[in-house]
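The values are calculated or read from the model by the stated rules, or taken from the named source; none is laboratory data. Please read these numbers as outputs of a predicted model, since none were measured by experiment. Counting neighbours? That spans all protein chains shown, and the Cβs are built from the backbone with ideal geometry, glycine included.
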Amino acid sequence: MSVTTEDIGEEAGGDGLSLGHLTESLQKAISWKLSDPGISISELMPLEGGSSRLTFSFMANSESGMDSKLVLRMDPPGVTRPGSLVTEANLMLAALDAGAPVPRVIMTSDDESILGAPFVIMEFVEGISNPRSILRDPALEKLRPNLAGMLGQALGKIHSIPLEAAPGLVQIDLVTQLRNQLDLLGEQRPVLELAMRVLEQTKPKTMGTTVVHGDFRNGNFIVANDGVRAIIDWELSHIGDPLEDLGWLCVRTWRFNGPGPVGGFGAYNQLIFAYEHASGRVFDRVLLRWWELACTLRWAVMSLMQAQAFLQGTHRSLDKALLGRRVCEVEWDILALLNSIKK
Amino acid sequence: MSLSDAPPVNELINAVMEYIQTEVVPDALGEKKRLATIAYSVLAVVDREYTMGYKLNTDYAKLLASVGVTSEEELAAKIRNSEVDINSADLKKALRQITTMKLMIASPAFLERARKEAEAAQKRQASKAENQDG
């Protein structure tokens, strides 16, 4: 799957990220990949998204009139993470094989001389991904009551990906990771320490060791009224306990003020029934609350990291500044969840 | 008594907030609109901290004293080192109150929503218990 500059024949990339330059480099790369020198690239434009990666959409037009809308995802030149995007692309291919809805990967490479940074090119999936639209758009009226169940099914498929089909993923024990991250941040906050202690004392037996999407939440799926078209943003994928993905989907922040505990649109039982049916894993409902608490703590830690990036000047942005002040929202949720964990 | 002349700080902050709300947000599009709205929210935090911060800080010190500490860092260390009973009702009450006060400055809309949700959940719980008793 992965290509090198040698394959393409000449250096096509550059350090600059002018859209014109990128269009030229893309044209060479896609022409090589599709063995069609007549391919032209047009309408290259950045897509919005909160990811640390750059995302663009563009048209690949062939002389025969076959036009395809594609998506380019790449590391920002200068802050590349070699291996990471290729791992992500391979995982998306494995997810497709497992029957999960994912965009079809066309091409990926770590070779920075092609586009200036590691990248993946995939098909553009039409649909709605904005979380607030997913909650309120009248065009999705038919979908909303069934969405939690559909996501449970998709998770069942993602968690069935054979580990050997997803090389390069790191195994993460969430509680250990959170402890290390809190220590590294040097943040001493009583509510977070309380959550940490309760999680350590009540840690359940693992539900298995599977691929974990790692950011399976409202905002990272593309839907239409007829169903879930694609699960996107595989950047935080790792190996771990499958229930982590279910817990993360239920974190209150990702409900965007919607009434349902699952992503703002669904009920716990809808998600659990569909997941149990698809995966064959049956579990006590209280276990999901434990994971919801662990994942809520995860969001508090991630918010603190972003606030620290603002404070240290590595990423000055209004969003990150405000996130620091909003950690108390997550702490409120943690205190509420602590009451529902068995001691 | 203050060295600075009028208008006072909160009036200045409010003037910028009004400008963002009436002049910037309506004409901005996409990302610029989103960021202008966030800029407004950031100033609203500053405004509330300026207005309520002094009083809340005094209450905050009293709450910390009620659980035998002088700072949140000290309390966090005690929780981590098992020097306090993590199931203590007093501890949970103090943490809930501290979090509430932080939210009063940082996110009063969240606080209002969360309180309503908690009340509704309590009512559901109570009626469930009543049904079981009956």
*Could you look through the stretch B:54-83, keep only residues that are touching a helix residue (DSSP H, G or I) at 6+ places or on another chain (Cβ under 8 Å) and β-branched (Val, Ile, Thr), and pick out the one that is farthest from A:Leu194 (Cα to Cα)?*
B:Thr70
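Can you confirm whether B:Asp27 is acidic (Asp, Glu) and in contact (Cβ under 8 Å) with a residue 12 or more places away in the chain? It would help to see each step written out before you state the result.
On the way: acidic (Asp, Glu): yes; in contact (Cβ under 8 Å) with a residue 12 or more places away in the chain: no.
Judged against the criteria, B:Asp27 is not a match.
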*Any idea which of A:Pro118, A:Pro82 is surrounded by fewer than 17 Cβ atoms within 10 Å (Cβ to Cβ), over 25 Å from A:Gly258 (Cβ atoms) and within 19 Å of the chain's Cα centre (by Cα)?*
A:Pro82
*asked:* Out of A:Val86, A:Val102, A:Val71, A:Val79, I need the residue that is in a strand (DSSP E or B) and either over 22 Å from A:Met45 (Cβ atoms) or among the aliphatic types (A, V, I, L, M) (or both). Which one?
replied: A:Val71
*Could you please find all residues in the stretch A:297-318 being under 20 Å from the mean Cα position of the chain (by Cα) and in contact (Cβ under 8 Å) with a residue 60 or more places away in the chain?*
A:Leu297, A:Arg298, A:Ala300, A:Val301, A:Leu304, A:Met305
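Among the helices (runs of 4 or more DSSP H) contained in the stretch A:268-343, which hold 1 or more residues that are touching a Pro at 6+ places or on another chain (Cβ under 8 Å) and within 14 Å of chain B (Cβ to nearest Cβ)? I'd like the intermediate steps shown before the answer.
On the way: elements: A:268-279, A:285-311, A:318-325, A:327-338.
Correct list: A:268-279.
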*Output the number of the condition that A:Leu143 fails; it satisfies all remaining conditions of (1) over 25 Å from A:Arg73 (Cβ atoms); (2) of a type in the set (A, V, I, L, M, F, W, C); (3) in contact with a Lys or Arg (Cβ under 6 Å, 6 or more places away or on another chain).*
(3)
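When the residues of the stretch A:199-214 are narrowed to those that are farther than 18 Å from A:Val327 by Cβ and within 14 Å of chain B (Cβ to nearest Cβ), which ends up surrounded by the fewest Cβ atoms within 10 Å (Cβ to Cβ)? Quick ask: steps written out before the conclusion?
Quick first cut of the stretch A:199-214, residues farther than 18 Å from A:Val327 by Cβ only: A:200-214.
Right, trim to within 14 Å of chain B (Cβ to nearest Cβ) and you get A:200-202.
Values: A:Glu200: 12, A:Gln201: 10, A:Thr202: 13.
Looking at residues that are farther than 18 Å from A:Val327 by Cβ and within 14 Å of chain B (Cβ to nearest Cβ), I get A:Gln201.
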*Would you check which residues across the stretch B:21-60 are over 22 Å from the mean Cα position of the chain (by Cα), of a type outside the set (Gly, Ala, Ser) and more than 10 Å from chain A (Cβ to nearest Cβ) and list them?*
B:Gln21, B:Thr22, B:Glu23, B:Val24, B:Val25, B:Pro26, B:Asp27, B:Leu29, B:Lys32, B:Lys33
*Which residue pairs have Cβ atoms under 6 Å apart, sit 6 or more places apart or on different chains, and have a first residue in the stretch A:21-50 that is assigned to a loop (DSSP other than H, G, I, E, B) and a second that is loosely packed, with under 15 Cβ neighbours inside 10 Å?*
A:Gly38/A:Glu63; A:Leu47/A:Ser57
*Which of the residues that make up the stretch B:85-98 are within 9 Å of chain A (Cβ to nearest Cβ) and farther than 21 Å from B:Tyr50 by Cβ?*
B:Ile86, B:Asn87, B:Leu91, B:Lys92, B:Ala94, B:Leu95, B:Arg96
*asked:* Can you say whether B:Leu91 is within 24 Å of A:Leu337 (Cβ to Cβ) and touching a Ser or Thr at 6+ places or on another chain (Cβ under 7 Å), as far as the supplied structure shows?
replied: no
_When the residues of the stretch A:7-52 are narrowed to those that are touching a helix residue (DSSP H, G or I) at 6+ places or on another chain (Cβ under 9 Å), within 20 Å of A:Arg81 (Cβ to Cβ) and at pLDDT 85 or above, which ends up surrounded by the most Cβ atoms within 10 Å (Cβ to Cβ)?_
A:Ala29
*Of all strands (runs of 3 or more DSSP E) completely enclosed by the stretch A:166-241, which ones contain at least 1 residues that are in contact with a Pro (Cβ under 6 Å, 6 or more places away or on another chain) and touching a residue at least 60 places away in the same chain (Cβ under 8 Å)?*
A:227-231
*Sole exception among (1) surrounded by fewer than 18 Cβ atoms within 10 Å (Cβ to Cβ); (2) more than 14 Å from chain B (Cβ to nearest Cβ) for A:Leu185, by number*: (2)
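Which members of the stretch A:243-267 meet the condition of being of a type outside the set (Phe, Trp, Tyr) and in a helix (DSSP H, G or I)? Before you say what the answer is, go through the steps one by one.
First pass over the stretch A:243-267, keeping only residues of a type outside the set (Phe, Trp, Tyr): A:243-247, A:249-253, A:255, A:257-264, A:266-267.
Matches in the stretch A:243-267: A:Leu243, A:Glu244, A:Asp245, A:Leu246, A:Gly247, A:Leu249, A:Cys250, A:Arg252, A:Thr253, A:Arg255.
Assess whether B:Ala65 counts as being within 30 Å of A:Glu200 (Cα to Cα) and exposed (fewer than 13 other Cβ atoms within 10 Å of the Cβ). Spell out how you get there, then give the answer.
Values: within 30 Å of A:Glu200 (Cα to Cα): yes; exposed (fewer than 13 other Cβ atoms within 10 Å of the Cβ): yes.
Taking the combined requirement at face value, the residue satisfies it.
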